[in-house]
Amino acid sequence: MPVIIKNQKVISDTYTFYSSYTSGDVLAERSIIPIDDFLANPTQFEQHSGSLGVWLDSHHEPEVLSSYIHQLAVIAINFPSFTDGRGYSIARVLRERLGYQGELRAVGDILHDQLFYLKRCGFDAFKLHAEKDPEEALRGLNAFSISYQGASDHPQPLFRRRLH
Amino acid sequence: MYKYDAYDKTIVAERVAQFRDQTQRYLEGKLTDAEFLPLRLQNGLYIQRFAPMLRVAIPYGMVSAKQIRKLAEISRQFDKGYVHFSTRQNVQYNWPKLEKVPDILAELATVEMHAIQTSGNCIRNTTTDQFAGVAADELVDPRPYCEIIRQWSTFHPEFAYLPRKFKIAINGAKQDRAAVQVHDIGLHAQQNDQGELGFRVLVGGGLGRTPMIGTEICDFLPERHLLTYLEAILRVYNRYGRRDNKYKARIKILVKALGADAFRAKVEAEWQHLKDGPQTLTEAEVTRISQHFSSPDYADLPVENTQLQQDLQQDPNFRHWYERNVTAHKVPGYAIATLSLKATAQAPGDASDQQLEAAADLAEQFSFGEIRVSHQQNLVLADVQQDHLYTLWQEALRFGFATPNIGLLTDVICCPGGDFCALANAKSLPIAEAIQRRFDDLDYLHDIGDLDLNISGCMNACGHHHVGHIGILGVDKKGAEFYQVQLGGSAYNDASLGKILGPSFARDVMPDVITSIIDVYLAHRTSEELFIDTYRRIGIQPFKDRVYASNN
Ligand code: HEM
Ligand code: SF4
């Protein structure tokens, strides 16, 4: 059973991930489909009885999802390479600007040592490559106990929170 | 100077632990080379020609005597007894052992130092005027803003994997001593007509393969908006900067591709979402940080110091040094003294452990225990009483950093080049040395006057060759080391990029080439005219004619 890290724990991944979706295909109860296939005809998914999510790549503009934010149970952002940092900005725009409150999942080439930053940018779920040890990666979530700047997890910067 | 509080200490301590763990996992084979690479880079660790190189941050160039002593101690314990001060006001160790780096970081943490974000595709050390807070021509002390930016950018979760490195510089004086026009973001701190504090914002300057002068995108950004506006610029860059080609990944390429107006519009649009949000600076925060940079306890001194006047009259050597290495201070009776790290045959910017210890002693004796590193790779004692200058000079002489050459031809900016750097096309240090030897006659050197000579060993331009009045660039010609010469660059208010003189030269003729260039200048200059002004008046042709007539 594939797993993800969610809410600081390793749990099984209950979603089916579609790398492509053709209109008319029967979707699994819980599905994550490509953003372009979703946007091609969003109304067709209104009848879907289960939970639906979309995934986007680092070149996608999250703003295009603004009208669908509340109907998506999961938004997954793919990191084609761990050095491609666009997903961090995409996540913050989704959370802080578009007000997305569902599961925000980082997928693709993500590493243990990035989980802390990803979490700060609003991700709450992480699917590492299969060969990476998720239990060990959990440690990466809490590399630092204090941050100077505000982000999605704590919008207030330290200078507005400090006691003295 | 900024002093850590419990928060800063915790963050740095957690970083040491994190990097120890990362190094351990790498050594155990749990992290691949490719995965470890950005982690070690974001901690200043390069793997170089002979050994790893560790770059330690000196935020905006301010360092205490205690910290300098620690740097000396580390150089003895973990390295070869010397350090290299860089053009970004940082300091480098050339020979540490990878597995010892966590221990070095732990040592650094004991004196509130670290290597965070000194390399890698993240926001780097913010640099500034080495005379900040003491310069007679200062409008606004930039250091509080440097520290505010340091805190904001440290472990910024969104901007740790940018398309490329990102460098911010701030200047707050009339004269730009921080080269802000050749940084990814350059900020001019200033006051507007209403007396409000703010910044003129430039973007897209830089050196490297595609040198560019920055473009203004905001003529006055009020102080409180500093961080939200920076965040908007960085977000636009992070989302739209090129990632397909690392040579086209700097923000300057994006600014150029979009055009300044379109880039500004994107930043403004992004900023509308961030403006007045939680990152907006509060007065309390600016005051809190500014208090760390309050003036030391200056003595009440007369403007004219009779002791100093006597010393200057009696000792011509001291006078030479005073003319070049001492700068006007804003407080009567005080002066700024620069300790030259440009003695002939010393690699520019290198300092031995003994020199470091001596610099720490001098700082404690004469300058409230603080030192600054300049981007010209020298050390600065910022608060010296004028009547102490003579004693200071004698002490500096003993330790080999009283070379009276600040701002002169032999005060060379130079990268480590082929002697250390794996990317080099050619060596740079021997060129610097050969030129210093050629121009060792002090009267002649002083007569030539202000002249920036900058040398890089390849087009990455770590030695700022594009903005030297004379720039030298190492090039590879069929496997042999050659040198291209550029004239007319400047890193100051009148910033400009040098023009290539012509075909490159072999190493052994380089001193002759520079001599020919100087001869043309001396023959053409009007009284008091500086090299750069003569060059701008007469153009490159007379230099070309002379150099290629005599050195071919
Ligand atoms: C020996 C190891 C070093 C390596 C591998 C290295 C590598 C590089 C590279 C690849 C660039 C070009 C980046 C770009 O334009 O995107 C660069 C730029 C630069 N480096 Fe270095 N460097 C080294 C040492 C130094 C040192 C010792 C200094 C200071 C003396 C320095 C200061 C700079 C500066 C000021 C730039 C400026 C150009 C700019 O960013 O616009 N570097 N370096
Ligand atoms: S300019 Fe080139 S040779 Fe010099 S340090 Fe930079 S990368 Fe190395």
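The values are calculated or read from the model by the stated rules, or taken from the named source; none is laboratory data. Bear in mind the structure is a predicted one, so any value in this text is a computation, not a measurement. So basically every Cβ, Gly included, is an ideal-geometry build from the backbone, and we count neighbours across all protein chains shown.
The rows are residues; the columns are (1) within 14 Å of chain A (Cβ to nearest Cβ); (2) out of contact with any His (no Cβ under 8 Å at 6 or more places or on another chain); (3) within 16 Å of ligand 1 (Cβ to nearest atom).
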position: B:Ala434; (1), (2), (3): no, yes, no
position: B:Ile448; (1), (2), (3): no, yes, no
position: B:His465; (1), (2), (3): no, yes, yes
position: B:Ile472; (1), (2), (3): no, no, yes
position: B:Val475; (1), (2), (3): no, yes, yes
position: B:Leu487; (1), (2), (3): no, no, no
position: B:Ala495; (1), (2), (3): no, yes, yes
position: B:Val509; (1), (2), (3): no, yes, no
position: B:Arg525; (1), (2), (3): no, yes, no
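Identify all residues within segment A:78-99 that are more than 12 Å from the chain's Cα centre (by Cα) and more than 10 Å from chain B (Cβ to nearest Cβ); write none if there are none.
Those that are more than 12 Å from the chain's Cα centre (by Cα) and more than 10 Å from chain B (Cβ to nearest Cβ): A:Leu98, A:Gly99.
Here are some residues: B:Tyr298, B:Tyr237, B:Tyr247. Which one is more than 14 Å from chain A (Cβ to nearest Cβ) and within 16 Å of ligand 1 (Cβ to nearest atom)?
Details: B:Tyr298 fails: within 16 Å of ligand 1 (Cβ to nearest atom); B:Tyr237 fails: more than 14 Å from chain A (Cβ to nearest Cβ).
Of the residues listed, the single one that is more than 14 Å from chain A (Cβ to nearest Cβ) and within 16 Å of ligand 1 (Cβ to nearest atom) is B:Tyr247.
Out of segment B:337-354, which residues are among the aliphatic types (A, V, I, L, M) and part of a loop (DSSP other than H, G, I, E, B)? Walk me through how you get there before you give the answer.
The initial filter retains those residues of segment B:337-354 that are among the aliphatic types (A, V, I, L, M), namely B:337, B:339, B:341, B:343, B:345, B:347, B:351.
Matches in segment B:337-354: B:Leu341, B:Ala343, B:Ala345, B:Ala347.
Scan segment B:180-221 for residues that are in a loop (DSSP other than H, G, I, E, B) and away from ligand 2 (no atom under 16 Å from the Cβ) and jot them down. Spell out the reasoning first.
At the first step, the residues of segment B:180-221 found to be in a loop (DSSP other than H, G, I, E, B) are B:183-184, B:192-196, B:204-205, B:207-211, B:213-214.
Listed by number, the residues that qualify are B:His183, B:Asp184, B:Asn192, B:Asp193, B:Gln194, B:Gly195, B:Glu196, B:Gly204, B:Gly205, B:Ile213, B:Gly214.
Collect the residues in segment B:524-535 that are assigned to a helix (DSSP H, G or I) and farther than 14 Å from B:Leu501 by Cα, keeping them in residue-number order. Walk me through it before giving the result.
At the first step, the residues of segment B:524-535 found to be assigned to a helix (DSSP H, G or I) are B:524, B:531-535.
Correct list: B:His524, B:Phe531, B:Ile532, B:Asp533, B:Thr534.
Looking at segment B:511-524, is at least one residue under 30 Å from B:Leu187 (Cα atoms) and either surrounded by 14 or more Cβ atoms within 10 Å (Cβ to Cβ) or of a type in the set (Gly, Ala, Ser) (or both)?
Let us first name the residues in segment B:511-524 that are under 30 Å from B:Leu187 (Cα atoms), namely none.
Among the residues of segment B:511-524, not one is under 30 Å from B:Leu187 (Cα atoms) and either surrounded by 14 or more Cβ atoms within 10 Å (Cβ to Cβ) or of a type in the set (Gly, Ala, Ser) (or both), which makes the answer no.
Just to verify a result, which residue in segment B:1-35, among those that are surrounded by 15 or more Cβ atoms within 10 Å (Cβ to Cβ) and of a type in the set (Asp, Glu), is modelled with the lowest pLDDT?
B:Glu35
Which of the following residues is surrounded by fewer than 22 Cβ atoms within 10 Å (Cβ to Cβ) and within 16 Å of ligand 1 (Cβ to nearest atom): B:Asp419, B:Asp387? Give the derivation first.
Numbers: B:Asp387 fails: within 16 Å of ligand 1 (Cβ to nearest atom).
Unique residue meeting the criteria: B:Asp419.
Among the residues of segment B:454-483, which ones are surrounded by 21 or more Cβ atoms within 10 Å (Cβ to Cβ), within 15 Å of ligand 2 (Cβ to nearest atom) and in a strand (DSSP E or B)?
Just the residues of segment B:454-483 that are surrounded by 21 or more Cβ atoms within 10 Å (Cβ to Cβ), to begin with: B:454-458, B:461-474, B:481, B:483.
In the following step, the residues that additionally are within 15 Å of ligand 2 (Cβ to nearest atom) were identified as B:454-458, B:461-468, B:471-474, B:481, B:483.
Once the filter is applied, which keeps residues that are surrounded by 21 or more Cβ atoms within 10 Å (Cβ to Cβ), within 15 Å of ligand 2 (Cβ to nearest atom) and in a strand (DSSP E or B), segment B:454-483 yields B:Asn454, B:Ile455, B:Ser456, B:Gly471, B:Ile472, B:Leu473, B:Gly474, B:Glu481, B:Tyr483.
Restricting the search to segment B:1-44, which residues are among the basic types (Lys, Arg) and either closer than 26 Å to A:Pro157 by Cα or in contact with a Cys (Cβ under 7 Å, 6 or more places away or on another chain) (or both)? First the steps, then the outcome.
Restricting attention to segment B:1-44, the residues satisfying the condition of being among the basic types (Lys, Arg) are B:3, B:9, B:15, B:20, B:25, B:30, B:40.
Of everything in segment B:1-44, those that are among the basic types (Lys, Arg) and either closer than 26 Å to A:Pro157 by Cα or in contact with a Cys (Cβ under 7 Å, 6 or more places away or on another chain) (or both) turn out to be B:Lys3, B:Lys9, B:Arg15.
Hey, among B:Arg242, B:Arg224, which residue is more than 10 Å from every other protein chain (Cβ to nearest Cβ), touching a residue at least 40 places away in the same chain (Cβ under 8 Å), part of a helix (DSSP H, G or I) and surrounded by fewer than 22 Cβ atoms within 10 Å (Cβ to Cβ)? First the steps, then the outcome.
Working: B:Arg242 fails: part of a helix (DSSP H, G or I).
After ruling out the rest, the residue left standing is B:Arg224.
Condition (residue is among the hydroxyl-bearing types (Ser, Thr, Tyr), touching a residue at least 12 places away in the same chain (Cβ under 8 Å) and in contact with a His (Cβ under 8 Å, 6 or more places away or on another chain)) applied to segment B:2-23: is it met by at least one residue? Give the derivation first.
Residues of segment B:2-23 among the hydroxyl-bearing types (Ser, Thr, Tyr): B:2, B:4, B:7, B:10, B:23.
Now restrict to residues that are touching a residue at least 12 places away in the same chain (Cβ under 8 Å): B:2, B:4, B:23.
Those left that are additionally in contact with a His (Cβ under 8 Å, 6 or more places away or on another chain): B:2.
Checked against the condition, which is being among the hydroxyl-bearing types (Ser, Thr, Tyr), touching a residue at least 12 places away in the same chain (Cβ under 8 Å) and in contact with a His (Cβ under 8 Å, 6 or more places away or on another chain), segment B:2-23 yields at least one hit.
Only residues that are closer than 17 Å to B:Ala549 by Cβ and either aliphatic (A, V, I, L, M) or within 25 Å of the chain's Cα centre (by Cα) (or both): list them for segment B:493-505, please.
The answer is B:Leu501, and nothing else.
Quick test of your reading of the structure: B:Pro503 fulfils all but one of (1) assigned to a loop (DSSP other than H, G, I, E, B); (2) within 16 Å of ligand 2 (Cβ to nearest atom). Name the failing condition by number.
Here B:Pro503 clears every test but (2).
Restricting attention to segment B:379-424, and to residues there that are part of a strand (DSSP E or B) and more than 16 Å from ligand 2 (Cβ to nearest atom), which single residue is farthest from B:His469 (Cα to Cα)? Please lay out each step first, then the result.
Going residue by residue through segment B:379-424, those that are part of a strand (DSSP E or B) are B:379-385, B:413-414.
Checking which are more than 16 Å from ligand 2 (Cβ to nearest atom) leaves us with B:379-385.
Numbers: B:Leu379: 22, B:Val380: 23, B:Leu381: 26, B:Ala382: 26, B:Asp383: 29, B:Val384: 30, B:Gln385: 33 Å.
Across segment B:379-424, the extreme among qualifying residues is B:Gln385.
If you check B:Arg150, B:Arg209, which single one turns out to be within 14 Å of chain A (Cβ to nearest Cβ) and in contact (Cβ under 8 Å) with a residue 60 or more places away in the chain? Talk me through it step by step, then tell me what you get.
Numbers: B:Arg209 fails: within 14 Å of chain A (Cβ to nearest Cβ).
Residue meeting the stated conditions: B:Arg150.
Taking the condition of being outside any strand (DSSP E or B), away from chain B (no Cβ under 12 Å) and not polar (S, T, N, Q), how many residues in segment A:100-120 meet it? Full working, then the answer.
The first filter runs over segment A:100-120 and keeps only residues outside any strand (DSSP E or B), leaving A:100-102, A:109-120.
Narrowing the set further to residues that are away from chain B (no Cβ under 12 Å) leaves A:100-102.
With the extra rule that they be not polar (S, T, N, Q), the set shrinks to A:100, A:102.
Residues that pass the stated criteria total 2.
Test B:Ala132 against the stated conditions and say whether it is of a type in the set (Gly, Ala, Ser), in a loop (DSSP other than H, G, I, E, B), at pLDDT 95 or above and farther than 21 Å from B:Thr282 by Cα. Break it down into steps so the answer makes sense when it comes.
Working: of a type in the set (Gly, Ala, Ser): yes; in a loop (DSSP other than H, G, I, E, B): yes; at pLDDT 95 or above: yes; farther than 21 Å from B:Thr282 by Cα: yes.
Judged against the criteria, B:Ala132 is a match.
What strands (runs of 3 or more DSSP E), lying completely within segment A:1-92, carry at least 2 residues that are buried (at least 19 other Cβ atoms within 10 Å of the Cβ)?
Details: elements: A:3-6, A:9-12, A:30-34, A:51-56, A:74-79.
Where strands (runs of 3 or more DSSP E) fall fully within segment A:1-92 and carry at least 2 residues being buried (at least 19 other Cβ atoms within 10 Å of the Cβ), they are A:3-6, A:30-34, A:51-56, A:74-79.
Within segment A:126-164, how many residues are assigned to a loop (DSSP other than H, G, I, E, B), facing another protein chain (nearest Cβ under 8 Å) and modelled with pLDDT of 90 or more?
12
Residue by residue through segment B:296-330, note down the ones that are surrounded by fewer than 17 Cβ atoms within 10 Å (Cβ to Cβ) and part of a loop (DSSP other than H, G, I, E, B).
B:Pro296, B:Asp297, B:Tyr298, B:Ala299, B:Asp300, B:Leu301, B:Pro302, B:Val303, B:Glu304, B:Asp315, B:Lys330
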